[in-house]
Amino acid sequence: MFPITDLTDVRLVPARPDLADVRLQGRVEATRYVAGRSGRLIAASAPLRRRPSQDAGIETEAVMGDPVTLYETGEGFAFVQLETDGYVGYLPEAALAPEAPAPTHQVTALRTFLYPAPNMKRPPLGHVSLGAGLGITGREGDFLRLADGAYVFADHCVPVGIVEPDPAATAERLVGTPYLWGGRTSLGLDCSGLVQLCLALAGVPSPRDADQQEAALGTALPTRLDGLIRGDLVFWRGHVGMMLDESRLIHANGHHMAVAVESLAVAVARIAEKSYGAVTSIRRITPSIGS
């Protein structure tokens, strides 16, 4: 279960006035305390919302294979905590299963189709995104068989544990992906979702939001715009991007409404004038990335 350490960050606290994680008994007030049970996302992706309503905004997304702790279900929603980054909210109940198998493989294509048979000419059942986790039970020709009987093209997946060592290379593959507030799939990403996804594929766990990433990831560098290397993260108050080299930044942003590459100097000037103000910090994940 995701550790509950910071009670001041409501994004990460599985508690409501009427219900809370049993681990919070004596720490937060609630009508009742429950022990969460394990579940896993079986949909391609699903929005996590702050309230159990289709009108509520998307806080983040869960993708196929993501583990969750499930506290309560009702009226089509499940109150959960994501085990990937600790985010708390409501997922569609139908998107979850309590006993889905743990992923054995991960999708490395930007997205790939699931088929009812090991045949690319069959009408697909749907698609899954880059980073989705799949429980594979066997192989038939060029296809892998999922535990639920669907099939996926084998070359679009790798066994869990194989990583892409250069997160900036993953980010470059996602150029042009539309900006989506709360998005963390190859169909739509926000700034911190892009960073989280690229780091996850490099085997580096990351918090969800830019402020959390700024506090937790890597080593702080002097807040200067020279001497940067591939993979460095540049933070503003509420925004983050990744360096491709000493002068180019890649980021999912509302100006382009897409994942885009631009000069760091140009981005810094525009962001200072129009949105997030000055750069607040620069952090290096590892000095060896991209070298």
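The values are calculated or read from the model by the stated rules, or taken from the named source; none is laboratory data. All values reported here derive from a predicted model rather than from experimental measurement. Reconstructed Cβ throughout: ideal geometry from the backbone, glycine too, with neighbour counts over all protein chains shown.
Given the condition of a type outside the set (Ser, Thr, Tyr) and either assigned by TED's automatic domain parsing to the domain that holds GLY182 or at pLDDT below 95 (or both), answer yes or no: does some residue in segment 57-65 qualify? Yes - at least one qualifying residue is present in segment 57-65.
Can we say VAL175 is part of a loop (DSSP other than H, G, I, E, B), at pLDDT 95 or above and within 20 Å of LEU110 (Cα to Cα)? Quick ask: steps written out before the conclusion?
Values: part of a loop (DSSP other than H, G, I, E, B): yes; at pLDDT 95 or above: yes; within 20 Å of LEU110 (Cα to Cα): yes.
In short, yes.
Condition check: modelled with pLDDT of 95 or more, of a type outside the set (D, E, K, R) and in contact with a helix residue (DSSP H, G or I) (Cβ under 7 Å, 6 or more places away or on another chain). Does LEU110 satisfy that? Judged against the criteria, LEU110 is a match. Only residues that are surrounded by 21 or more Cβ atoms within 10 Å (Cβ to Cβ) and assigned to a strand (DSSP E or B) were counted across segment 247-283, and they come to 7. Selection of segment 114-152 for residues being assigned to a strand (DSSP E or B) and within 23 Å of the chain's Cα centre (by Cα) yields LEU114, GLY126, HIS127, VAL128, SER129, GLY133, LEU134, ILE136, LEU146, VAL152. The residue that is surrounded by the fewest Cβ atoms within 10 Å (Cβ to Cβ), among those in segment 206-246 that are assigned to a helix (DSSP H, G or I) and touching a Ser or Thr at 6+ places or on another chain (Cβ under 9 Å), is ALA216.
Among the residues of segment 1-40, those identified as in contact with a Phe, Trp or Tyr (Cβ under 8 Å, 6 or more places away or on another chain) and outside any strand (DSSP E or B) are ARG11, LEU12, PRO14, VAL22, LEU24, GLY36. Checked against (1) crowded, with 20+ Cβ neighbours inside 10 Å; (2) over 23 Å from LEU201 (Cα atoms), ASP18 passes all but condition (1). Among the residues of segment 41-100, the ones that are in contact (Cβ under 8 Å) with a residue 40 or more places away in the chain and either among the small types (Gly, Ala, Ser) or in a strand (DSSP E or B) (or both) come to 33 in all.
Residues in segment 118-129 that are in contact with a strand residue (DSSP E or B) (Cβ under 6 Å, 6 or more places away or on another chain) and either touching a residue at least 24 places away in the same chain (Cβ under 8 Å) or assigned by TED's automatic domain parsing to the domain that holds ARG16 (or both): PRO118, LEU125, GLY126, HIS127, VAL128, SER129. With respect to (1) among the hydroxyl-bearing types (Ser, Thr, Tyr); (2) without any contact (Cβ under 8 Å) to a residue 60 or more places away in the chain; (3) farther than 22 Å from ASP209 by Cβ, the lone exception for SER38 is condition (2).
Which residues, taken from segment 44-57, are under 11 Å from TYR90 (Cβ atoms) and surrounded by fewer than 19 Cβ atoms within 10 Å (Cβ to Cβ)? Explain how you work it out, then say what you get.
So in segment 44-57, the residues under 11 Å from TYR90 (Cβ atoms) come out as 46-54, 56.
Within segment 44-57, ARG50, ARG51, SER53, GLN54, ALA56 qualify.
Just to be sure before I move on: is GLY131 modelled with pLDDT of 95 or more and crowded, with 21+ Cβ neighbours inside 10 Å in the structure I sent? Considered against the rule, which asks whether it is modelled with pLDDT of 95 or more and crowded, with 21+ Cβ neighbours inside 10 Å, GLY131 comes out as yes.
If the requirement is being among the aliphatic types (A, V, I, L, M) and buried (at least 21 other Cβ atoms within 10 Å of the Cβ), which of these qualifies: LEU174, LEU197, LEU180? Matching residue, one of LEU174, LEU197, LEU180: LEU197.
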